[in-house]
Amino acid sequence: MGNGGLILGIFIVMAVAAMTVMLFLGNYRSREPLPQQVVASRGYALRRYWFWLVLIVAITVFMVTIPFFPYPSVRASARAEHFTVIAQQYNFSLPAVVPLNRPVIFDVTSKDVNHGFGIYGPNGAIVSQVQAMPGYINHLPLTFTIPGHYLVRCLEYCGIAHAGMQGGFDVR
Amino acid sequence: MTSTHVSEQNAGLRVMWTYIATGLAIFVLMLLVGIVTRASQAGWLPLDPGSFYSLLSLHGVGMIVAMAISGLGVLWYLARREMELDESIAFIAYGFFLAGTVCVIVSAIPGRYGSLWTMLYPLPFVGTYWPSWATGTWLIGNALVMLGFMLWCGQMLGALLARYGGVRGMLAVDYVLRNRDFTQSGKKPPPPQMFAAAITAFDGFITGTVGLVIGTALIVHWMDPSVALDPLWAKNLTYLFGHSFANLTMYMAVAGIYVGLPLCTKREYHTSPPLVVAWWGTLLFVIIAYFHHLYMDFVQMQWMQFVGEIASYLAAIPVVVVTVYGGVMLVHRSGMRWSLGAMFLYAGMIGWVVGGIAAVLDATIPANVDLHNTLWVPGHFHTYLLEGVLLFILGWVFVNLEQRAQAASGLLTRWLIGVGMFGGGALFLLGFYLAGAFGVPRRYAVEPAPGPFFASLATMGALIFLAGFVICGAEAWRLARLPKRQAVG
Amino acid sequence: MKERRVIAGLVLFATVLFALVPVIRRGAELPTAQHHFVHALMLAGAALSGILFAGRTRGGRRGAVWLVIATLVPALAMLLMWPSKYAYFETHPYGHLTEHLALVVLGFLAGFGGERYAAGIGWAAGIGIFAMGMLAIGGYGVVRSVPNTIGIAAAPTSRANIGGLPNQTRGAALFAQNCAVCHGTVGVGGEGPSLKNERSRKSLVQAEAWIQNPAPPMPKLYPGTLSLRDVADVAGYVETLR
């Protein structure tokens with residue numbers, strides 16, 4: 001599952017927490033109503049802290065994720081070995097072998113419509129992906145650390161045989 | 001005087017029920033279409049890929065239109081209580097919606113159009129397996145819906161500007177920035193649901209304009225293939241239009257919280273400065289959040305990716321700090337009875353928050369690498385639409401029916417509907433999220449393992465949901481036939 | 001109020017003058033992007049004069065017709081801005097002039113109709129129609145020339161025009177890539193029909209003709225994905241299937 005499992009875990013924890021809190025607040029001592037002013041004044045007092053909490057968490061998470069952005073830098077591009085990927089309805093033109101433990105850059109484009117260049121690792125999880133757009137070249141920097149056969153699937157709807165559009169390469 | 005008032009009220013009700021009835025009818029049709037596509041992925045009734053994509057295209061656009069029409073109907077009725085609105089324009093817009101819907105159905109079923117509604121140029125023209133007229137009918141159908149939507153927005157915008165005194169009054173600028181002067185002069189800010197109307201109309205106008213630019217460009221390309229478009233430009237416009245329109249359906253239906261929940265709890269939802277500021281934020285975020293659809297286009301300008309992530313995060317604040325927070329405060333210790341209407345509205349808020357969490361995770365760029373165009377994406381928007389927008393609309397319908405007849409549904413009925421629509425819905429959605437976490441791509445007629453397994457789970461969930469929805473429909477029918485006891489609102 | 005009309009008239013006059021430029025500059029065509037910009041300016045000027053002419057309509061009876069007009073004209077203007085080299089309007093000077101004047105009329109109608117319907121809507125429609133013109137600059141008939149360092153021409157399917165008999169081995173590889181999704185791995189059939197014994201139904205030439213120009217739902221891959229050489233090779237391979 002790769003990172004997908006981690007994200008799913010975070011999602012389930014957060015979703016269950018939100019659901020529990022909301023159901024609790026909705027049902028808590030619902031037989032003993034309070035006047036709206038009482039609830040509102042308590043709620044407004046709390047809301048200030050809640051606002052800052054959400055804002056700070058949002059900004060912190062944003063800052064923390066920035067180093068993990070997948071976008072290429074000019075310096076990395078000069079050092080890495082480049083491989084051409086051309087997508088078209090309904091196949092990929094790919095390198096047969098990609099080196100292990102060395103920075104590589106896939107120069108990805110398309111001959112006809114938009115496609116997605118989705119790389120699935122030997123364990124079946126998504127390693128990375130980038131769009132293949134006609135007339136444009138997307139540069140996807142990667143360093144493979146696990147040898148094996150990598151599957152490539154199309155990750156942007158491209159026509160009737162979209163589901164069958166795949167390819168692969170070996171990392172060694 | 002009284003008679004005019006009654007007929008005025010009737011105009012609002014006529015428009016609302018026409019819109020809602022049509023919207024829900026389209027919803028039921030598209031629900032069945034959606035179940036067929038998911039069952040096909042599960043291998044239960046395998047479709048050939050062509051039919052699969054035609055039905056998927058129809059399901060997508062039909063559902064968005066169904067939700068939008070229902071939400072616009074509710075909002076129109078609520079706005080009609082505050083200001084003058086011409087019924088004829090509402091019905092002209094309705095005519096556009098219907099004509100557009102007929103066009104897309106004709107295009108997808110006999111025409112076999114199969115390139116979805118947020119198709120990325122040069123898509124509906126390359127490698128087609130359907131006749132050219134189906135492409136044209138599809139594009140024109142979408143344009144008709146957009147024109148109807150812009151008519152609705154134009155009317156609402158005009159009425160809001162006249163009623164509250166220009167953009168400043170409509171967005172309550174003075175109420176927030178010069179609160180003391182404003183309140184001392186005895187003025188009142190617009191009620192909360194009017195901000196929903198204002199943001200829908202304002203952003204809807206922008207969305208519609210952009211939608212018509214890309215729509216007209218595609219129609220021109222259809223008639224004259226020598227007119228080439230820039231694929232990156234087309235993708236930006238397509239998602240600006242598509243994302244904003246889909247997102248706006250939520251803000252249309254949110255009026256259910258502002259007006260429906262107070263009816264259930266016998267409390268009041270007032271306009272407050274934080275609420276107004278929250279809506280200003282929403283006004284902006286609805287338009288710029290679409291950047292997250294182009295995270296995997298590395299040629300997109302880099303600042304847009306950064307803005308996309310932070311804007312998608314901040315878009316959560318108006319929801320969880322103001323609107324839903326306020327909704328929970330309304331219900332908390334109010335002694336509210338969990339009638340069907342109240343249940344739907346409250347569950348709709350939960351669905352909104354849960355779908356929002358999934359959306360925010362997906363809008364995180366490093367996570368998007370793993371989730372982009374996997375089944376996680378339909379997972380999050382089905383949560384929004386099915387367990388959010390739809391529940392707000394059903395909640396609003398039931399609150400009205402319950403108030404009208406002064407009646408409620410039995411415990412067993414409520415349990416059956418709850419288990420069916422929330423339990424079945426949860427199973428259905430889990431099928432998307434789990435498959436997405438495993439990296440199963442979306443929009444695959446035939447999914448790689450473990451896709452089909454989760455698709456069969458999801459189909460079961462959807463069938464349970466359908467059963468709950470049928471009971472819900474029967475219950476609505478029963479309530480609607482009870483004699484009227486009290487006027488609405 | 002009289003001054004407002006005078007200003008409105010002046011704005012309209014200036015806009016029409018601006019729209020007349022192609023008559024003076026016969027033949028000299030601007031690039032499409034700049035042309036869109038010129039159109040956007042015309043639309044803006046016309047819409048502004050329309051707004052000013054309409055004046056304030058607060059409290060008056062609202063005509064739904066005006067709103068419908070103001071909503072429809074921006075899309076019509078987009079249609080008129082059709083940026084094709086082959087469009088009659090864009091090549092013939094008088095056709096071009098007619099097109100420009102029609103744009104002025106449409107821009108005027110957006111502003112006037114909107115403002116006649118309700119105060120502020122003329123501005124919304126006017127800004128909308130101007131924004132449409134400006135957005136068009138980004139890619140409506142305008143394709144940015146991106147340096148293509150990859151060189152699509154060097155793609156593996158470029159062995160066209162070699163001549164000679166179909167290369168069935170190569171055809172098998174192409175078939176696996178492009179056709180097997182629907183027709184099965186060795187043409188056993190799947191979503192598409194089985195191709196076993198296809199040679200009893202189609203000759204080599206007929207098979208090539210069909211691949212080049214198939215009926216739906218089979219996708220047309222020539223000349224986009226498959227070259228003439230590829231088509232010949234695939235057809236040659238298909239003829240060997242039993």
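The values are calculated or read from the model by the stated rules, or taken from the named source; none is laboratory data. Remember, it's a predicted structure, so these values are computed and weren't measured experimentally. Glycine also receives a Cβ, built like all others from the backbone with ideal geometry; neighbour counts cover every protein chain displayed.
Results, tabulated for the structure shown:
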| item | result |
| --- | --- |
| Single condition B:ARG442 does not satisfy, out of (1) modelled with pLDDT under 95; (2) among the basic types (Lys, Arg); (3) in contact with a helix residue (DSSP H, G or I) (Cβ under 8 Å, 6 or more places away or on another chain) | (1) |
| Counted residues, segment B:226-271 - those being more than 18 Å from the chain's Cα centre (by Cα), of a type outside the set (A, V, I, L, M) and away from chain C (no Cβ under 14 Å) | 9 |
| Selection count where residues are at positive phi and in contact with a Lys or Arg (Cβ under 9 Å, 6 or more places away or on another chain), scope segment A:1-38 | 1 |
| Selection from segment B:160-176 of residues that are at the interface with chain C (Cβ under 7 Å from one of its Cβ atoms) and touching a residue at least 60 places away in the same chain (Cβ under 8 Å) | B:ALA162 |
| Single condition B:TYR129 does not satisfy, out of (1) at the interface with chain C (Cβ under 10 Å from one of its Cβ atoms); (2) in contact (Cβ under 8 Å) with a residue 24 or more places away in the chain; (3) in a helix (DSSP H, G or I) | (3) |
| The listed residue being more than 18 Å from B:VAL440 (Cβ to Cβ) and surrounded by 18 or more Cβ atoms within 10 Å (Cβ to Cβ), out of A:PRO141, A:PRO95 | A:PRO141 |
| Given (1) in contact (Cβ under 8 Å) with a residue 24 or more places away in the chain; (2) more than 22 Å from C:VAL21 (Cα to Cα), number of the condition C:LEU135 does not satisfy | (1) |
| Residue, nearest to A:ILE119 (Cα to Cα), within segment A:61-101, restricted to residues that are away from chain B (no Cβ under 11 Å) and aromatic (Phe, Trp, Tyr) | A:PHE92 |
| Which listed residue is under 23 Å from the mean Cα position of the chain (by Cα) and without any contact (Cβ under 8 Å) to a residue 24 or more places away in the chain, from A:ALA76, A:ALA58 | A:ALA58 |
| Looking only at segment A:1-52, and only at residues there that are within 25 Å of the chain's Cα centre (by Cα) and more than 7 Å from chain B (Cβ to nearest Cβ), the one that is farthest from B:SER334 (Cα to Cα) | A:LEU6 |
| Candidate set from segment B:179-238 (those that are among the aliphatic types (A, V, I, L, M) and in contact with a His (Cβ under 9 Å, 6 or more places away or on another chain)); member that is farthest from B:VAL286 (Cα to Cα) | B:VAL227 |
| The lone exception for B:GLY114 - which of (1) of a type outside the set (A, V, I, L, M, F, W, C); (2) in contact with a Leu (Cβ under 9 Å, 6 or more places away or on another chain); (3) away from every other protein chain (no Cβ under 12 Å) it fails | (3) |
| Wholly within segment B:144-254, helices (runs of 4 or more DSSP H) carrying at least 1 residues that are at pLDDT 95 or above and of a type in the set (Gly, Ala, Ser) | B:192-223, B:231-253 |
| Sole residue being at pLDDT below 95 and closer than 30 Å to A:ALA161 by Cα, chosen from A:GLN37, A:GLN89 | A:GLN89 |
| Some residue of segment B:70-92 being aromatic (Phe, Trp, Tyr), in contact (Cβ under 8 Å) with a residue 40 or more places away in the chain and surrounded by fewer than 24 Cβ atoms within 10 Å (Cβ to Cβ) | yes |
| Unique match (being within 19 Å of A:CYS158 (Cα to Cα), surrounded by fewer than 23 Cβ atoms within 10 Å (Cβ to Cβ) and in contact (Cβ under 8 Å) with a residue 12 or more places away in the chain) among A:TYR136, A:TYR90 | A:TYR136 |
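Yes/no per residue for (1) within 18 Å of the chain's Cα centre (by Cα); (2) touching a residue at least 60 places away in the same chain (Cβ under 8 Å):
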{"position": "B:GLY12", "(1), (2)": "no, yes"}
{"position": "B:THR18", "(1), (2)": "yes, yes"}
{"position": "B:PHE27", "(1), (2)": "yes, yes"}
{"position": "B:MET30", "(1), (2)": "yes, no"}
{"position": "B:ILE35", "(1), (2)": "no, yes"}
{"position": "B:GLN41", "(1), (2)": "no, yes"}
{"position": "B:PHE52", "(1), (2)": "no, yes"}
{"position": "B:GLY60", "(1), (2)": "yes, no"}
{"position": "B:ILE64", "(1), (2)": "yes, yes"}
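Conditions tested, residue by residue: (1) crowded, with 21+ Cβ neighbours inside 10 Å; (2) without any contact (Cβ under 8 Å) to a residue 24 or more places away in the chain.
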{"position": "B:PHE291", "(1), (2)": "yes, yes"}
{"position": "B:MET304", "(1), (2)": "no, yes"}
{"position": "B:VAL324", "(1), (2)": "yes, no"}
{"position": "B:ALA342", "(1), (2)": "yes, no"}
{"position": "B:ALA347", "(1), (2)": "yes, no"}
{"position": "B:VAL354", "(1), (2)": "yes, no"}
